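Engineer: There's a structure below that I have some questions on.
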Amino acid sequence: MDVPVLAPETDAMRVAPSSVTPSTADPLWWRSAVIYQVYIRSFADGNGDGTGDLAGVRSRLGYLRDLGVDALWFTPWYASPLADGGYDVSDYRAIHPAFGELAEAEALIREALELGIRTIIDVVPNHISDQHEWFQAALAAGPGSPERERFWFHPGAGPNGDEMPNHWVSNFQGDTWTRTTNADGTPGEWYLHLFAPEQPDLNWNHPDVRREHEDVLRFWFDRGVGGVRIDSAALLVKDPALPEVPELVEAGGHPNTDRDDVHDIYRSWRAIADSYPGTRVLVGEVWMPDPVRFANYLRPDEMHTAFNFDFMTRPWRAFELRESIESMLEVHAPVNAPSTWVLSNHDITRPVTRYGRVDSAFAFANKRFGTPTDLELGTRRARAAALLSAALPGSLYIYQGDELGLPEVEDLPDGARQDPMHFRSQGVDPGRDGCRVPLPWSGQHPPFGFSPPELTWKAGGAAPAQPWLPQPQDWAKYTVEAQEHDAGSMLCLYRAALRIRRELDVLSDGGLEWLASEPDVIAFSRGGGFVSVTNLADRPIVLPEHHEVLLSSSELVDAPSGDGRLAPDSTAWLRT
Ligand code: NOJ
């Protein structure tokens, strides 16, 4: 990787041994935590079958501790046919056999906690797998049965019942209804799925659905998890009349999104979380353009935090980013919840790719194959964005591989792709596989240490197990091994940033003060003594008065001979 960027280590940056391990006793840990998202299939493979697993994560806990994270969020690790990467759960109380066993998950939760790292698991309450015993029982029991009441089964419209009951639009494109076949082979009722047909929506008016999810929460809280990430959190409650979506939707009037009753569910979940010792957090995946409706989920008796997706979807422009920061802080203030800062996740184009494009905003609908990308520019901006977001007040999410600067893999062979978003768009949308490629750890060739070398030869001398999604041949430069001793690498930047963030009290919970700056610069201080400056102008800028540069995402221009100016697309952290 290119430039050396670390300012010489100063006393201020040195971390006292006592602060290396985050305190697990702090009840407010979640307000400023650094949470690392583990997409388990692609993190590390412990048994050599080409799929990431719990053993792989356990073997890399030291890496996560050294990175400086406070918690791990695991995308679903349960039994699942993996029709949607595990967001189609067939058994919440069992670990997917490719990932390991329940006892290993328990050991992992314990071992991580011993390092001061909490575990957050994913729950997917809007839908389950079509292979889940409830759905199989509902299919077998037939129309009018109590088993079907846990879902949204409905006769079809039209004289022969062969039209969908309504025309709700799927988040995955395509239809939201699939017709069943009766036991005698005749066409039967339809069932609702806001996502893929393998993900039937649950009926949250049914007491079994509520009870079951409360039991699942207890099951995992009993095993020591520090919180849950709630998938598609605004979609659970539907208008039972299943009307079409009106042209003009009034607040709370959408038939399947953000209905007022959904909040009762989270109040009951919060009560369960609060009944456990330590703070067990609820983190919502709430895609919600209306800021007031978004903040409703964060009232003191509901979720602790929700993903702030606004910042991530904005283009690399100072005005846009500043406006997003301002509005998100404003939205959170009345409910006294901290914002979250998220640059990407397993659904989103990798930041180094996104920021290297003419249109650097993110929108699912705009993803296309062959979009020209300047990876050098994107990497520069992603480095600046990493420091900018890590300096903001609130909790910080890091998606695995962003700390290595991995680009989106855009040339996966067609046969390797798995994402229903790709297939349901008739191949127009590249889908999300490109940000889910297994991590490179070491070595010069695939699997780059993702699978343990001694285990990648199967019995009988057959071909080595390949990662479940192929890694690009030229990823040697992105491995942890290649980066960890290169002061100019993305990994060293992340490590240094998280170290400083943990060390400086002013970077924990609290607010920020904007500093006067030219329009293409984002500058703010955090509680005095610390300033973050991001230069989105096309020329170097003079830094505000400071005692020392704690960290910079690119080498300062004219340093060390001159005062040092901040290059375009860069962030510097200053002690003032
Ligand atoms: C949001 C998850 O992040 C995504 O990966 C999944 O496909 C949908 N919810 C449906 O569960």
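Engineer: With respect to Glu147, is the statement that it is open to solvent by 50 Å² or more (accessible area, probe 1.4 Å) and more than 13 Å from the ligand (Cβ to nearest atom) true?
Structural biologist: yes
Engineer: Regarding Arg41, is this residue modelled with pLDDT of 95 or more, within 16 Å of the ligand (Cβ to nearest atom) and among the charged types (D, E, K, R)?
Structural biologist: The answer is yes for Arg41.
Engineer: With respect to Trp190, determine if the residue is under 31 Å from the mean Cα position of the chain (by Cα) and of a type in the set (Phe, Trp, Tyr).
Structural biologist: So Trp190 fails the test.
Engineer: Where residues in segment 528-576 are of a type in the set (Val, Ile, Thr) and crowded, with 18+ Cβ neighbours inside 10 Å, which of them is nearest to Glu513 (Cα to Cα)?
Structural biologist: Checked segment 528-576; the qualifying residue nearest to Glu513 (Cα to Cα) is Val531.
Engineer: Let me ask something else about it. Restricting attention to helices (runs of 4 or more DSSP H) lying wholly within segment 347-463, give those where 1 or more residues are open to solvent by 70 Å² or more (accessible area, probe 1.4 Å) and more than 16 Å from the ligand (Cβ to nearest atom).
Structural biologist: 375-390
Engineer: Here is a follow-up. Take segment 150-189 and flag every residue that is surrounded by 15 or more Cβ atoms within 10 Å (Cβ to Cβ), in contact with a strand residue (DSSP E or B) (Cβ under 6 Å, 6 or more places away or on another chain), in contact (Cβ under 8 Å) with a residue 40 or more places away in the chain and not hydrophobic (A, V, I, L, M, F, W, C).
Structural biologist: His154, Pro165, Thr180, Gly188, Glu189
Engineer: Taking the conditions exactly as written (closer than 29 Å to Tyr266 by Cα and of a type in the set (A, V, I, L, M)), does Ala337 satisfy them or not?
Structural biologist: Taking the combined requirement at face value, the residue satisfies it.
Engineer: Are any residues in segment 33-42 surrounded by 23 or more Cβ atoms within 10 Å (Cβ to Cβ) and either out of contact with any strand residue (DSSP E or B) (no Cβ under 9 Å at 6 or more places or on another chain) or assigned to a strand (DSSP E or B) (or both), and if so, which ones?
Structural biologist: Ile35, Tyr36, Gln37, Val38, Arg41, Ser42
Engineer: Something else: Can you spot a residue in segment 161-173 that is more than 23 Å from Gln136 (Cβ to Cβ), within 16 Å of the ligand (Cβ to nearest atom) and in contact with a helix residue (DSSP H, G or I) (Cβ under 9 Å, 6 or more places away or on another chain)?
Structural biologist: yes
Engineer: State all residues of segment 236-267 that are surrounded by 15 or more Cβ atoms within 10 Å (Cβ to Cβ) and within 27 Å of Phe221 (Cβ to Cβ); if no residue qualifies, say none.
Structural biologist: Hits for segment 236-267 are Leu236, Val237, Asp258, Arg259, Val262, His263, Ile265, Tyr266.
Engineer: Any idea which of Asp88, Asp84, Asp66, Asp70 is within 18 Å of the chain's Cα centre (by Cα), farther than 16 Å from Phe450 by Cβ and more than 16 Å from the ligand (Cβ to nearest atom)?
Structural biologist: Exactly one of Asp88, Asp84, Asp66, Asp70 is within 18 Å of the chain's Cα centre (by Cα), farther than 16 Å from Phe450 by Cβ and more than 16 Å from the ligand (Cβ to nearest atom), namely Asp70.
Engineer: Right, another one. When you scan segment 272-288, how many residues do you find that are closer than 20 Å to Trp341 by Cβ and free of Cβ contacts under 8 Å to residues at least 60 places away in the same chain?
Structural biologist: Residues in segment 272-288 being closer than 20 Å to Trp341 by Cβ and free of Cβ contacts under 8 Å to residues at least 60 places away in the same chain: 6 in total.
Engineer: State yes or no: is Phe319 open to solvent by 50 Å² or more (accessible area, probe 1.4 Å) and of a type in the set (Phe, Trp, Tyr)?
Structural biologist: yes
Engineer: Among the residues of segment 268-291, write down those that are among the hydrophobic types (A, V, I, L, M, F, W, C) and either touching an Asp or Glu at 6+ places or on another chain (Cβ under 9 Å) or open to solvent by less than 30 Å² (accessible area, probe 1.4 Å) (or both).
Structural biologist: Result: Trp269, Ala271, Ile272, Ala273, Val281, Leu282, Val283, Val286, Met288.
Engineer: Condition first: acidic (Asp, Glu) and closer than 15 Å to Leu388 by Cβ. Can you find one or more residues in segment 521-538 that meet it?
Structural biologist: No, segment 521-538 has no match at all.
Engineer: Got a sec? Which of Leu507, Leu498, Leu515 is over 25 Å from the mean Cα position of the chain (by Cα) and not assigned by TED's automatic domain parsing to the domain that holds Ile325?
Structural biologist: The conditions single out Leu515.
Engineer: Could I ask something else about it? Do you know which of the residues in segment 91-137 that are of a type in the set (Lys, Arg) and open to solvent by 50 Å² or more (accessible area, probe 1.4 Å) is nearest to the ligand (Cβ to nearest atom)?
Structural biologist: Ranking the qualifying residues of segment 91-137, first place goes to Arg93.
The values are calculated or read from the model by the stated rules, or taken from the named source; none is laboratory data. As the structure is a computational prediction, the values presented were derived from the model and not from experiment. Every residue, glycine among them, receives a Cβ derived from its backbone with ideal geometry; neighbour counts consider all protein chains shown. Calculation scope for accessible area: heavy atoms of the full protein, side chains included, ligands and nucleic acids excluded. Shrake-Rupley method; radii C 1.70, N 1.55, O 1.52, S 1.80 Å.
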